[in-house]
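Notes follow once the structure below has been shown.
Computed from the coordinates by the stated procedures, all read-outs in this text should not be read as laboratory data. Remember, predicted model here, so these are calculated numbers, not experimental data. Cβ atoms come from the backbone with ideal geometry, glycine included; neighbour counts cover every protein chain shown.
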Amino acid sequence: MTRSARELLEEIQAGLAPRDGDNRLVPLITAGRAPRAVFAALAAEEKLITLSDWRSFHALAARADEPCARTFFGGLAPGELRANGMLDGLLAATGPDHGKELPRAGCQVYPAYVAWLALNGEPAATAAGIFANFAAFGRYCRDVAAGMREHYGFTDAQCAFFDFFAADVPEIREQALAAIQAGLDARRLDEREAHRCARLFQSYELLFWNTLADEFPG
């Protein structure tokens, strides 16, 4: 009997959970210890990431020959473009990013991996890897938005990007589960690849945050 997508996701997320707390930047922000300049860097790097992911998700949707996978990736793409526009208010409030390395390799390896998957990844395993990390990213964004308001005086409009990704969207969850289940049912999803994809997503996600934590130690 084919296992369920929900079971596979729970297994993958259980394996990722021990490292979810390895993000060193978010605690600095929630405590108000990160310098304000970190937000200019966050906004500048995310401007590049969201545009890259927008293109990559469109490419993943176009390459997928299974309808549920096309729906999942096609549904993610518009959100990236919307989030990109939400960064404009934060950029206006923080001013330019004056980092020494622009863009930062440690921040941009995440979208580079998404772009690689757009050409090489099996769609269902890619969907599992992406979605398995959504919960942790959502928690990071929620905590960042709370810290921005409490310690730095940012407005709702300036926090909009992080509020957007902190929100739980049941429709996306159901689309991800459908894409993963279709891959399992068709025996096209290699579970080892799904685990590997999720682990790499987590590693690159943490590298993004910790690159900035090293540059802005507080």
- How large is ³J(HN,Hα) for each residue in the range 89-94, as worked out from phi by the Karplus curve 6.51 cos²θ - 1.76 cosθ + 1.60 (θ = phi - 60°), to whole Hz, x for Gly and Pro? x, 5, 4, 5, 7, 9
- Treating the beta-carbon of each Lys and Arg as +1 and of each Asp and Glu as -1, no other charges, what is the dipole magnitude of the chain about its Cα centre, to the nearest 20 debye? 200 debye
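Once fully extended, how much extra length lies between TRP116 and ASP65, figured as 0.36 nm per residue of separation less the alpha-carbon to alpha-carbon distance? Numbers along the way, then the final one.
Details: separation 51, 0.36 × 51 = 18.36 nm, distance 1.79 nm.
Roughly 16.6 nm would be gained on extension.
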- Query: Where does each of 57-64, 149-156, 9-16 land if you order them by average Cβ count within 10 Å, highest first?
  - Reply: 57-64, 9-16, 149-156
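On full extension of the chain, what length is gained from LEU51 through ARG33, given 0.36 nm per residue of separation minus the C-alpha to C-alpha distance? Walk me through the numbers before you get to the answer.
On the way: separation 18, 0.36 × 18 = 6.48 nm, distance 2.96 nm.
Length gained, LEU51 through ARG33: 3.5 nm.
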- C-alpha center-to-center spacing [the range 201-218, the range 42-80] in angstrom: 22 Å
- Karplus 3J(HN,Hα) series, Hz, for the range 178-191 with 6.51 cos²θ - 1.76 cosθ + 1.60 (x for Gly, Pro): 5, 5, 5, 4, 4, x, 5, 4, 7, 6, 9, 8, 8, 4
- Tell me, what ³J(HN,Hα) does each residue in the range 129-144 have, in order and in whole Hz, if you take phi through Karplus 6.51 cos²θ - 1.76 cosθ + 1.60 with θ = phi - 60° and put x for Gly and Pro? x, 5, 5, 4, 9, 4, 4, 5, 4, x, 5, 4, 5, 4, 5, 5
- Note on the structure: Among ALA44, PHE72, LEU60, the residue whose Cα sits farthest towards the positive end of the charge dipole of the chain (+1 at Cβ of Lys and Arg, -1 at Cβ of Asp and Glu, taken about the Cα centre) is ALA44
- What is the distance, in nm, between label points placed 7 Å from the Cα along the Cα-to-Cβ direction at ARG3 and at GLU150? 3.8 nm
- Message: Quick check: residue separation of ASP88 and ASP185 times 0.36 nm, minus the Cα distance between them. What number comes out in nm?
- Response: 30.7 nm
